[in-house]
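Data block below; observations after.
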Amino acid sequence: MSLLQIEVDADDLLGRHFSALEKQNLDFAIVQASNKTAFEVREAWKRAAIRTFDRPTPLTVNAVLYRKATRQKPYAEIYLRDEASKGTPPAQYLRAQVEGGERRPKGMERLLMSAGLMPQGMFAVPGADAPLNQYGNVGSGQVRKILSQLRAGLEAGYTSNESDAGRDRRLKRQRTRGGGGSYFVVRQQRGRLRPGIYERIAFAQGSAVRSVFVFAKSAVYDRRYDIFGIAEKEWNRLMPFYFERELANAVQESILRGRA
C-alpha cells in the first residue's frame with residue numbers, strides 16, 4: 001500500500017533514439033533523474049497531507065520517506081514510514097485514507113477488546129465531549145489515564161505508573177466526592193448513554209457525565225490521501241525534464257573529459 005517504486009525505460013520516456021555517447025551515459029542519467037523525481041514526489045505527498053488532514057501531527061506530515069536509486073539498484077522508492085517509536089506506524093493508520101474502507105483497530109481498541117470492555121470488531125471514536133489536543137485527537141496521555149483507570153491495560157499487559165494502593169486511594173477519594181474525574185464503560189445502551197467510555201466529573205452541587213469515546217460498529221474512510229495519483233502526476237510532469245537535463249549534463253561532462 002505505502003510503497004511506490006520508480007523505474008525507467010529510457011526509450012519510452014523520451015520516444016527517440018540515442019546517440020552512442022548518450023547511451024554511454026543513460027544509466028547515470030536515469031539514476032540521477034529518478035532520485036530528483038522521487039524527492040519531488042515525497043515533497044508533494046507531504047504538502048498533500050497538510051491539505052488533506054485537519055491539523056495533521058508531525059508524524060503524519062513527515063511519514064513520507066524515500067530510498068535513492070543507485071547503479072546497482074536503478075530505481076527509487078517513495079514510501080510511508082512503517083515503524084514508530086510509540087503507537088501505530090503511519091503506514092498502518094493512513095492505509096484507510098489511501099485505499100478507502102475500514103481502518104484497522106488501534107492499540108487502545110485492541111486493549112479494550114482484550115479486557116472485554118469493548119465488543120470485538122468495534123471501534124472507539126471520540127465522543128461529543130472528548131478533550132481533543134491541537135491535532136484534533138484524544139491525547140496519548142489521556143488515553144493512558146483512561147486505560148489505567150479502567151484496568152484494560154492491566155488485563156492486556158499494559159503497565160501503569162499508578163500502584164494498586166494509589167489507585168485504591170484515588171477511587172476512594174472519588175467515591176467520597178461523588179466520583180469526580182473517574183472513567184466508566186457503558187457496554188449497552190443505558191438511557192441516553194450510548195455504548196462507550198464516559199468520565200464522571202464532580203462539582204460542588206453534584207456531578208455530570210461527559211462522553212469521551214463512543215463505540216461504533218465501523219470506522220470507514222473515503223479515499224482521501226491519493227498518494228499514487230499524486231505520484232503519477234508528478235512523474236509525468238518532472239521525470240522527462242530531469243532525465244533530459246541529467247542526460248545532457250552527463251554528455252557534456254563526457255565531452256569535456258574527452259577533450260582533456
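The values are calculated or read from the model by the stated rules, or taken from the named source; none is laboratory data. If you're wondering where the values come from, they're calculated on a predicted model, not measured in any experiment. In this analysis, Cβ positions are derived from the backbone assuming ideal geometry, glycine residues included, and neighbour counts consider all displayed protein chains. Protein only, heavy atoms only, side chains kept; ligands, DNA and RNA dropped before computing areas. Shrake-Rupley method; radii C 1.70, N 1.55, O 1.52, S 1.80 Å.
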Next on the checklist: Just the residues that are among the hydrophobic types (A, V, I, L, M, F, W, C) and closer than 19 Å to Leu65 by Cβ, please, taken from segment 18-36.
Outcome noted: Val31
Checklist entry - among the aliphatic types (A, V, I, L, M), modelled with pLDDT under 90 and in contact with a strand residue (DSSP E or B) (Cβ under 7 Å, 6 or more places away or on another chain) - does that describe any residue in segment 57-69? => result no
Item to check | helices (runs of 4 or more DSSP H) completely within segment 22-103 that count 3 or more residues being under 12 Å from the mean Cα position of the chain (by Cα) and over 23 Å from Ser218 (Cα atoms) | outcome: 58-61
Item to check | Pro58, sole failed condition from (1) surrounded by fewer than 19 Cβ atoms within 10 Å (Cβ to Cβ); (2) within 21 Å of Asp82 (Cβ to Cβ); (3) touching a residue at least 12 places away in the same chain (Cβ under 8 Å) | outcome: (3)
Checklist entry - Is it fair to say Ala115 is at pLDDT 85 or above and either out of contact with any strand residue (DSSP E or B) (no Cβ under 9 Å at 6 or more places or on another chain) or surrounded by fewer than 18 Cβ atoms within 10 Å (Cβ to Cβ) (or both)? => result yes
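For (1) basic (Lys, Arg); (2) in contact with a helix residue (DSSP H, G or I) (Cβ under 7 Å, 6 or more places away or on another chain); (3) in contact (Cβ under 8 Å) with a residue 24 or more places away in the chain; (4) at negative phi, each residue gets a yes or a no:
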position: Arg187; (1), (2), (3), (4): yes, no, yes, yes
position: Ile197; (1), (2), (3), (4): no, yes, yes, yes
position: Ala208; (1), (2), (3), (4): no, no, no, yes
position: Ser211; (1), (2), (3), (4): no, no, yes, yes
position: Ala216; (1), (2), (3), (4): no, no, yes, yes
position: Val220; (1), (2), (3), (4): no, no, yes, yes
position: Arg223; (1), (2), (3), (4): yes, yes, yes, yes
position: Arg245; (1), (2), (3), (4): yes, no, yes, yes
position: Ala250; (1), (2), (3), (4): no, yes, yes, yes
Checklist entry - Which ones in segment 85-105 are modelled with pLDDT under 85, open to solvent by 30 Å² or more (accessible area, probe 1.4 Å) and either closer than 30 Å to Asn35 by Cα or basic (Lys, Arg) (or both)? => result Ser85, Lys86, Thr88, Arg104
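Return the residues of segment 118-130 that are open to solvent by 30 Å² or more (accessible area, probe 1.4 Å), within 17 Å of Arg194 (Cβ to Cβ) and assigned to a loop (DSSP other than H, G, I, E, B); say none if nothing qualifies.
Correct list: Pro119, Gly121, Met122, Ala128, Asp129.
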